[in-house]
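Asker: To start, I am sharing the structure in question, which I have written as C-alpha cells.
The values are calculated or read from the model by the stated rules, or taken from the named source; none is laboratory data. Nothing here was measured: the structure is a model prediction, and the numbers come from that model. No Cβ is skipped: glycine too gets one built from the backbone with ideal geometry, and neighbour counts run over all protein chains shown. SASA here: full protein model, heavy atoms, side chains in, ligands and nucleic acids out. Shrake-Rupley method; radii C 1.70, N 1.55, O 1.52, S 1.80 Å.
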Amino acid sequence: MRVYVSVDIEGIAGVVNGEEGQRGNPEYERARRLMTGEANAVVAGIFDADPRAQVTVADVHGPYRNLIPEDLDERATLNRGKPKVYGMVDGIDRGYDLAMFVGVHGRAGSAPAVLSHTFTGALLDVQVNGKPFGELGLNAAMAGAHGVPVVLVAGDQIVADEARDLLGPEVITVQVKESRAHLAAESLHPNVARAKLREAAARAIRERPSVEPLRVRQPVEVQVSFNRPVFADLSEMIDHVERVDGRTVRFTRPDMPAAYRILRLMTVLCSTPL
Ligand SMILES: [Zn+2]
C-alpha cells in the first residue's frame with residue numbers, strides 16, 4: 001500500500017493562532033513539534049495495519065519546512081520545501097493508493113473554523129463548478145484527478161463537515177479540536193489526539209472505507225474572489241483568466257491539474273508587495 005500523508009499546521013490539536021504558524025517565534029517552534037507528532041501518529045497507524053506500506057509525508061504549510069526531519073518516523077519519507085507546481089499535492093501522481101490529510105482547516109470565510117483560509121488570506125472565496133472549495137476540496141480534487149481517494153481527514157469540526165460533504169459519509173474524520181472562533185478552539189490533549197489519529201489511520205488501511213476519488217466535472221470552471229481588486233488586476237495577466245467584477249475573476253480549464261496550476265500562480269501573485 002502506498003500512502004500520501006499531507007500535513008498542514010492550522011488544524012493540529014492545540015494550534016489556534018497565526019503566530020503558531022509563523023517562523024521566528026517560540027510558539028511556532030512548539031507548534032511544529034505538535035505537527036510532527038500528529039504526522040508520526042498517522043504514520044504509526046499505517047504501519048500498524050500494513051508493515052510493508054510505503055508512506056510519503058508532505059509538509060504543506062507556509063514554506064513547507066515545518067516538520068522536523070530528524071523527529072519524523074524513519075519509516076516514512078518527507079516531501080519538503082517549495083515552490084512546486086502542484087503545491088500541496090506535489091507528487092500525488094506517482095502511484096499512491098490512498099491519501100490522508102492531517103492538520104486541515106476550514107475553507108476561507110467559514111466560521112467558527114479556527115484559522116480558516118484558502119491558500120492565502122487574499123482569497124476570499126474559490127468556487128469550482130459553482131461550489132465553494134477550500135484547500136481540502138482543491139487538494140482532494142487533485143488527488144481524485146489521479147485516482148487517489150482521500151480516506152482520512154483530521155482537523156476541527158468544520159473541516160470534518162466539509163470532508164463529509166465533499167467526500168461522502170464513509171470518509172474517516174478525526175476531530176482533534178472544536179473551533180470556537182477564528183482564533184480560539186477547545187482542543188484535545190496532543191497525546192489524546194495522536195492516539196485517535198493512530199487508531200483511525202490503522203482503521204483506514206485495514207477497512208479501506210469506500211470513499212471514491214473526488215472527480216470534478218470537466219471542463220473545470222473556477223471563480224475566485226480576492227480581498228483586494230489589485231489581485232484581480234494581477235490575475236488578469238494570466239492566460240484564460242477573465243474579470244467578473246472588481247474583486248472577482250473566473251477561468252475554465254480542461255482538467256483539475258490545469259486549474260490548480262492557475263490557482264497556485266494566483267496565490268504567488270497575491271504575495272506581491274503592492
Ligand atoms: Zn497552513
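Asker: Test of understanding: among ALA108, ALA99, ALA44, which residue is modelled with pLDDT of 95 or more, closer than 24 Å to ASP156 by Cα and either within 16 Å of the ligand (Cβ to nearest atom) or of a type in the set (Phe, Trp, Tyr) (or both)? Explain how you work it out, then say what you get.
Answerer: Details: ALA99 fails: either within 16 Å of the ligand (Cβ to nearest atom) or of a type in the set (Phe, Trp, Tyr) (or both); ALA44 fails: either within 16 Å of the ligand (Cβ to nearest atom) or of a type in the set (Phe, Trp, Tyr) (or both).
Checking each option against the conditions leaves just ALA108.
Asker: Run GLY62 past the list (1) away from the ligand (no atom under 16 Å from the Cβ); (2) in contact with a Lys or Arg (Cβ under 9 Å, 6 or more places away or on another chain) and report the number of the one that doesn't hold.
Answerer: Result: GLY62 passes all but (1).
Asker: Would you mind stating whether ARG23 is basic (Lys, Arg) and either more than 13 Å from the ligand (Cβ to nearest atom) or surrounded by 22 or more Cβ atoms within 10 Å (Cβ to Cβ) (or both)?
Answerer: Answer is no for this residue.
Asker: Identify, please: which residue in the stretch 115-148 is away from the ligand (no atom under 16 Å from the Cβ) and either among the charged types (D, E, K, R) or assigned to a strand (DSSP E or B) (or both) and is, among those, farthest from LEU263 (Cα to Cα)?
Answerer: LYS131
Residue-by-condition table, conditions (1) aliphatic (A, V, I, L, M); (2) within 16 Å of the ligand (Cβ to nearest atom); (3) without any contact (Cβ under 8 Å) to a residue 60 or more places away in the chain:
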| site | (1), (2), (3) |
| --- | --- |
| ALA53 | yes, no, no |
| LEU67 | yes, yes, no |
| LEU72 | yes, no, yes |
| LYS82 | no, yes, yes |
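Asker: Now for a separate question. Return the only residue of ARG264, ARG217 being out of contact with any Ser or Thr (no Cβ under 6 Å at 6 or more places or on another chain), open to solvent by 90 Å² or more (accessible area, probe 1.4 Å) and either closer than 30 Å to VAL176 by Cβ or touching a residue at least 12 places away in the same chain (Cβ under 8 Å) (or both). So that I can check it myself, show each step before the final result.
Answerer: Working: ARG264 fails: open to solvent by 90 Å² or more (accessible area, probe 1.4 Å).
ARG217 is the lone residue from the list that is out of contact with any Ser or Thr (no Cβ under 6 Å at 6 or more places or on another chain), open to solvent by 90 Å² or more (accessible area, probe 1.4 Å) and either closer than 30 Å to VAL176 by Cβ or touching a residue at least 12 places away in the same chain (Cβ under 8 Å) (or both).
Asker: Still on this structure, I have one more. Please pick out the residue among ASP255, ASP233 that is within 23 Å of the chain's Cα centre (by Cα), outside the structural domain of THR120 (by TED's automatic domain parsing) and of a type in the set (Asp, Glu).
Answerer: Details: ASP233 fails: within 23 Å of the chain's Cα centre (by Cα).
Just a single option satisfies the conditions, and that option is ASP255.
Asker: Given MET88, MET35, which one is closer than 25 Å to MET256 by Cβ, in a helix (DSSP H, G or I) and assigned by TED's automatic domain parsing to the domain that holds GLU199? I'd like the intermediate steps shown before the answer.
Answerer: On the way: MET35 fails: closer than 25 Å to MET256 by Cβ.
Selected residue: MET88, the only one of MET88, MET35 that is closer than 25 Å to MET256 by Cβ, in a helix (DSSP H, G or I) and assigned by TED's automatic domain parsing to the domain that holds GLU199.
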